[in-house]
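Colleague: I'd like to ask some things about the structure below.
The values are calculated or read from the model by the stated rules, or taken from the named source; none is laboratory data. Being a predicted model, the structure only gives us computed values, none of them experimental. Please note: Cβ atoms are built from the backbone with ideal geometry, for glycine as well, and neighbour counts cover all protein chains shown. Side chains included, ligands, DNA and RNA excluded: accessible areas come from the protein's heavy atoms. Shrake-Rupley method; radii C 1.70, N 1.55, O 1.52, S 1.80 Å.
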Amino acid sequence: MAVRAADVVKVYGTGETAVRALDGVGVEFAAGEFTAVMGPSGSGKSTLMHCLAGLDAVDGGSVQVGGAELTGLGDRALTRLRRERIGFVFQSFNLLPTLTAEQNITLPLDLAGRRPDPAWMRELVAALGLQDRLRHRPAELSGGQQQRVACARALLGRPDVVFADEPTGNLDSRTGAGVLEFLRRSVRELGQTIVMVTHDPVAAGHADRAVLLADGRIVDEIQQPDPESVL
Ligand code: ADP
Ligand code: ADP
């Protein structure tokens with residue numbers, strides 16, 4: 001499912017203190033494409049992900065997900081699109097503290113009244129190295145383990161589009177490489193659209209393409225990013 005942003009503007013605050021976090025962003029993500037979004041801190045990466053996923057409303061321009069214009073969708077349709085077609089890995093994980101890792105992972109499907117495919121659940125949990133952590137609550141997990149739980153939660157429903165905000169930021173390089181390889185495989189086998197924010201050129205090297213944000217605008221686009229030369 002393709003995702004398109006055209007001339008997207010997002011402003012935080014009003015008057016003199018207003019921040020134009022996105023200042024006319026145009027970018028397309030094709031189905032089956034794995035894209036890294038890079039750029040300095042404060043350049044608008046997280047804001048862009050939130051706007052593309054319909055978690056934040058834009059102040060100008062348009063976002064289309066699978067041909068549907070997000071601003072044209074009512075709350076119910078938007079919630080449904082997010083629940084059924086989109087996976088989101090939050091930078092701050094957003095795990096529920098009272099639930100176990102396993103309950104956190106299955107929560108979105110539970111809410112949607114869907115049952116996880118047990119074989120896929122096992123495969124996902126094994127690929128993310130979480131098999132011994134499923135009964136733990138978030139407070140009993142390391143930051144890296146919490147991050148992998150957040151990844152599993154986003155991927156369990158096999159969504160058409162996955163947005164991942166720094167999904168390997170808390171992982172050592174070997175664990176991070178495992179997660180990235182799994183994402184690659186997932187794109188190839190399921191034809192997903194994956195958009196991943198990262199600061200790490202090595203992580204971006206796993207993507208098909210890198211787009212570079214600066215001051216709320218796309219300033220560069222690199223095909224087949226080479227970890228040695230990105231940024
Ligand atoms: P990063 O720069 O690594 O993307 P931030 O620390 O800037 O992460 O943002 C973390 C969270 O804080 C995000 O959800 C973002 O929307 C929010 N945030 C960032 N800057 C501000 C701000 N100036 N005021 C309020 N919330 C902010
Ligand atoms: P990045 O993810 O690239 O670090 P962000 O999207 O988090 O950038 O932030 C872009 C700009 O918007 C920054 O100047 C940040 O401080 C500001 N910002 C982000 N979220 C908020 C918010 N909730 N309220 C106010 N300002 C924000």
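Colleague: Can GLY178 be described as away from ligand 1 (no atom under 16 Å from the Cβ), assigned to a helix (DSSP H, G or I) and either more than 28 Å from GLN64 (Cβ to Cβ) or small (Gly, Ala, Ser) (or both)?
Modeller: Details: away from ligand 1 (no atom under 16 Å from the Cβ): yes; assigned to a helix (DSSP H, G or I): yes; either more than 28 Å from GLN64 (Cβ to Cβ) or small (Gly, Ala, Ser) (or both): yes.
Against the criterion (away from ligand 1 (no atom under 16 Å from the Cβ), assigned to a helix (DSSP H, G or I) and either more than 28 Å from GLN64 (Cβ to Cβ) or small (Gly, Ala, Ser) (or both)), GLY178 qualifies.
Colleague: Taking the criterion of being within 16 Å of ligand 2 (Cβ to nearest atom), over 20 Å from SER186 (Cα atoms) and at pLDDT below 95, would at least one residue in region 40-51 satisfy it? First the steps, then the outcome.
Modeller: Filtering region 40-51 down to residues within 16 Å of ligand 2 (Cβ to nearest atom) leaves 40-51.
Adding the requirement that they be over 20 Å from SER186 (Cα atoms) leaves 40-48, 50-51.
Remaining after also requiring at pLDDT below 95: none.
No, because not a single residue in region 40-51 is within 16 Å of ligand 2 (Cβ to nearest atom), over 20 Å from SER186 (Cα atoms) and at pLDDT below 95.
Colleague: Also, I was wondering about something else. How many residues, within region 29-65, are of a type in the set (Asp, Glu) and either surrounded by fewer than 17 Cβ atoms within 10 Å (Cβ to Cβ) or under 12 Å from the mean Cα position of the chain (by Cα) (or both)?
Modeller: Let us first name the residues in region 29-65 that are of a type in the set (Asp, Glu), namely 33, 56, 59.
With the extra rule that they be either surrounded by fewer than 17 Cβ atoms within 10 Å (Cβ to Cβ) or under 12 Å from the mean Cα position of the chain (by Cα) (or both), the set shrinks to 59.
The qualifying residues number 1.
Colleague: Taking region 1-22 as the region of interest, how many residues are of a type in the set (D, E, K, R) and within 16 Å of ligand 1 (Cβ to nearest atom)? Give the derivation first.
Modeller: First, the residues of region 1-22 that are of a type in the set (D, E, K, R): 4, 7, 10, 16, 20.
With within 16 Å of ligand 1 (Cβ to nearest atom) added as a condition, the list becomes 10, 16, 20.
The number of residues fulfilling the criteria is 3.
Colleague: Another one. Looking at region 142-158, can you tell me whether even one residue there is open to solvent by less than 10 Å² (accessible area, probe 1.4 Å), among the charged types (D, E, K, R) and closer than 20 Å to ARG83 by Cβ?
Modeller: No: region 142-158 contains no residue that is open to solvent by less than 10 Å² (accessible area, probe 1.4 Å), among the charged types (D, E, K, R) and closer than 20 Å to ARG83 by Cβ.
Colleague: Determine the pairs where a residue that is outside any helix (DSSP H, G or I), located within region 40-55, has a partner that is small (Gly, Ala, Ser) and near ligand 1 (Cβ under 10 Å from one of its atoms) with Cβ atoms under 6 Å apart, the partner being 6 or more residues away or on another chain.
Modeller: Between residues of region 40-55 that are outside any helix (DSSP H, G or I) and residues that are small (Gly, Ala, Ser) and near ligand 1 (Cβ under 10 Å from one of its atoms), the close pairs are GLY44/ALA21.
Colleague: Scan region 1-23 and report the pairs whose first residue is buried (at least 20 other Cβ atoms within 10 Å of the Cβ) and whose second residue is β-branched (Val, Ile, Thr) and not in a strand (DSSP E or B), with Cβ atoms within less than 7 Å and a gap of 6+ or a chain change.
Modeller: Correct list of pairs: VAL8/VAL58; LYS10/THR47; LYS10/VAL58; ALA21/THR47; LEU22/THR47.
Colleague: State which residue is nearest to ligand 2 (Cβ to nearest atom) when the search covers only region 14-38 and only residues that are over 29 Å from GLU189 (Cα atoms), out of contact with any Ser or Thr (no Cβ under 6 Å at 6 or more places or on another chain) and modelled with pLDDT of 95 or more. Talk me through it step by step, then tell me what you get.
Modeller: From region 14-38, those over 29 Å from GLU189 (Cα atoms) are 14-25; that's our starting set.
Next, only the ones that are out of contact with any Ser or Thr (no Cβ under 6 Å at 6 or more places or on another chain) stay: 14-20, 23-25.
Now drop any that are not modelled with pLDDT of 95 or more, which leaves 18-20, 23-25.
Values: ALA18: 9, VAL19: 5, ARG20: 8, ASP23: 10, GLY24: 14, VAL25: 11 Å.
The residue in question is VAL19.
Colleague: Now for a separate question. Given the structure, is LEU96 away from ligand 1 (no atom under 16 Å from the Cβ), open to solvent by 20 Å² or more (accessible area, probe 1.4 Å) and closer than 21 Å to GLY169 by Cα? Reasoning before the result, please.
Modeller: Numbers: away from ligand 1 (no atom under 16 Å from the Cβ): yes; open to solvent by 20 Å² or more (accessible area, probe 1.4 Å): yes; closer than 21 Å to GLY169 by Cα: yes.
Against the criterion (away from ligand 1 (no atom under 16 Å from the Cβ), open to solvent by 20 Å² or more (accessible area, probe 1.4 Å) and closer than 21 Å to GLY169 by Cα), LEU96 qualifies.
Colleague: Can you name every residue in region 189-211 that is touching a residue at least 12 places away in the same chain (Cβ under 8 Å) and part of a helix (DSSP H, G or I)? Before you say what the answer is, go through the steps one by one.
Modeller: Restricting attention to region 189-211, the residues satisfying the condition of being touching a residue at least 12 places away in the same chain (Cβ under 8 Å) are 190-211.
LEU190, PRO201, VAL202, ALA203, ALA204 - these are the residues of region 189-211 that are touching a residue at least 12 places away in the same chain (Cβ under 8 Å) and part of a helix (DSSP H, G or I).
Colleague: Sort out which residues of region 209-218 are on the phi < 0 side of the Ramachandran plot and open to solvent by less than 90 Å² (accessible area, probe 1.4 Å), and write them in order of number. Explain how you work it out, then say what you get.
Modeller: Step one: filter region 209-218 for residues on the phi < 0 side of the Ramachandran plot, giving 209-214, 217-218.
Within region 209-218, ARG209, ALA210, VAL211, LEU212, LEU213, ALA214, ILE218 meet the criteria.
Colleague: Has region 83-90 got any residue that is away from ligand 1 (no atom under 13 Å from the Cβ), out of contact with any strand residue (DSSP E or B) (no Cβ under 7 Å at 6 or more places or on another chain), modelled with pLDDT under 95 and outside any strand (DSSP E or B)?
Modeller: yes
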